[in-house]
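Some notes on the structure that comes next.
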Amino acid sequence: MAEIRERFRPDPSMNRTQMEALQRDIAQTAVFEDAVDFDPTTVTVDTPTPETPIVAGVDQAFLDDQIVSAIVLTRGETVVARTHTTTPIEFPYVPGLLSFREGGPILDAFEALPTDPDVIVFDGSGRIHFREAGLATHIGVALDLPAIGVAKTLLCGQPVSSTAALAAGERVEIVADETMSTPDGTTVGHALQTRQYPNSHRINPVYVSPGHRLSADTATAIIDRCRGAYKLPEPTRLADAAADEAKDTIE
DNA sequence: GCGACAG
DNA sequence: ATCTTGTCGC
């Protein structure tokens, strides 16, 4: 179903220079402004209506030499489609080059889907990346679909203020720092507190950044609307469970 | 050389 | 990401 712009496909056989060149190309093609066909404020993980946008959650699980890539499509709390692929691992984990390890398998999984989602949620960074070309940006551009990156830890960039004691729903801007090709001070994402305990113990926020066709503000607003009972947004949790489940079936 | 980094 | 029991706290 998904149309893939082949010239952007992450090729694991490229050398580092070629990979970084492709990332610069990806970054220039990426649109960090709202260009979506749905109303972001209608995204929900609860009871859906016929107009509720379809959100895709994507996540991977690993075996010795194979990678399991799972995608779960949901309309509100309703699972619309689910698929997964198992592929040989072709590239190691290298900070800054994650899309070359996970991107191929993810695109394979998208090709197996019966329908395209309105927006995709990835487990990793989007614009919060040295060359503004994180996993969410790379695959979002390759599919030309709205994409958002949600990372559990910060790859680069700096919060404009402390993220230590945020209440659920609160956010802090992440701005570009000197390690990035982006001009210093550019807002590239947000630290979003998806969940918080009433008292003492603290939960770390997640780091949301636009991947493609979305502004940082809207990307974060969408993830905020995907908050469930856990730290990770619901689409990511579902995909995570699907990947683990598929993995257990294999081993 | 120092720093330092998604999954 | 993955290997893993118990354990502290609401």
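Under 9 Å by Cβ, and 6 or more places apart or on different chains, what pairs join a residue from the range A:160-182 that is on the phi > 0 side of the Ramachandran plot and surrounded by fewer than 17 Cβ atoms within 10 Å (Cβ to Cβ) with one that is of a type in the set (D, E, K, R) and in a loop (DSSP other than H, G, I, E, B)? Close Cβ pairs (under 9 Å, with a partner that is of a type in the set (D, E, K, R) and in a loop (DSSP other than H, G, I, E, B)) amount to A:GLY169/A:ARG227. Looking only at the range A:116-153, count every residue that is surrounded by fewer than 24 Cβ atoms within 10 Å (Cβ to Cβ) and within 16 Å of DNA strand C (Cβ to nearest atom) and tell me the total. The number of residues fulfilling the criteria is 3. Among the residues of the range A:55-87, those identified as small (Gly, Ala, Ser) and either in contact with a His (Cβ under 9 Å, 6 or more places away or on another chain) or within 15 Å of DNA strand C (Cβ to nearest atom) (or both) are A:GLY57, A:ALA61, A:SER69, A:ALA70. Please count how many residues of the range A:186-221 are more than 16 Å from DNA strand C (Cβ to nearest atom) and open to solvent by 50 Å² or more (accessible area, probe 1.4 Å). Of the residues in the range A:186-221, 1 are more than 16 Å from DNA strand C (Cβ to nearest atom) and open to solvent by 50 Å² or more (accessible area, probe 1.4 Å). Might you let me know whether the range A:50-72 holds any residue that is under 17 Å from the mean Cα position of the chain (by Cα) and part of a loop (DSSP other than H, G, I, E, B)? Yes, the range A:50-72 has at least one match.
If you take the residues in the range A:4-39 that are of a type in the set (Val, Ile, Thr) and within 12 Å of A:PRO146 (Cα to Cα), which one is most open to solvent (accessible area, probe 1.4 Å)?
Checking each candidate, the answer is A:VAL31.
Restricted to the range A:133-149, and to residues that are more than 10 Å from DNA strand B (Cβ to nearest atom) and farther than 14 Å from A:GLY104 by Cα, which residue is farthest from the chain's Cα centre (by Cα)? Here the answer is A:ASP144.
Name the residue that is nearest to DNA strand C (Cβ to nearest atom), counting only residues in the range A:154-165 that are in contact with a strand residue (DSSP E or B) (Cβ under 7 Å, 6 or more places away or on another chain) and in a loop (DSSP other than H, G, I, E, B). Even if it seems obvious, please write down each step before you answer.
At the first step, the residues of the range A:154-165 found to be in contact with a strand residue (DSSP E or B) (Cβ under 7 Å, 6 or more places away or on another chain) are A:154, A:157-161, A:163.
In the following step, the residues that additionally are in a loop (DSSP other than H, G, I, E, B) were identified as A:154, A:157, A:160-161, A:163.
On the way: A:LEU154: 14, A:GLY157: 19, A:VAL160: 26, A:SER161: 26, A:THR163: 19 Å.
It comes out as A:LEU154.
Restricting the search to strands (runs of 3 or more DSSP E) fully inside the range A:166-251 and requiring at least 3 residues that are within 29 Å of A:VAL31 (Cβ to Cβ) and of a type outside the set (Val, Ile, Thr) gives A:187-192, A:206-212. Scanning the range A:88-102 for residues that are under 26 Å from A:ILE222 (Cα atoms), away from DNA strand C (no atom under 16 Å from the Cβ), among the small types (Gly, Ala, Ser) and open to solvent by less than 60 Å² (accessible area, probe 1.4 Å) turns up nothing. In this structure, A:ASP108 does not satisfy being within 14 Å of DNA strand C (Cβ to nearest atom) and of a type in the set (Asp, Glu).
The values are calculated or read from the model by the stated rules, or taken from the named source; none is laboratory data. Bear in mind the structure is a predicted one, so any value in this text is a computation, not a measurement. Cβ sites come from the backbone with ideal geometry, for glycine too, and all protein chains shown count toward neighbours. Quick note on the areas: whole protein, heavy atoms, side chains included, nothing else; ligands and nucleic acids left out. Shrake-Rupley method; radii C 1.70, N 1.55, O 1.52, S 1.80 Å.
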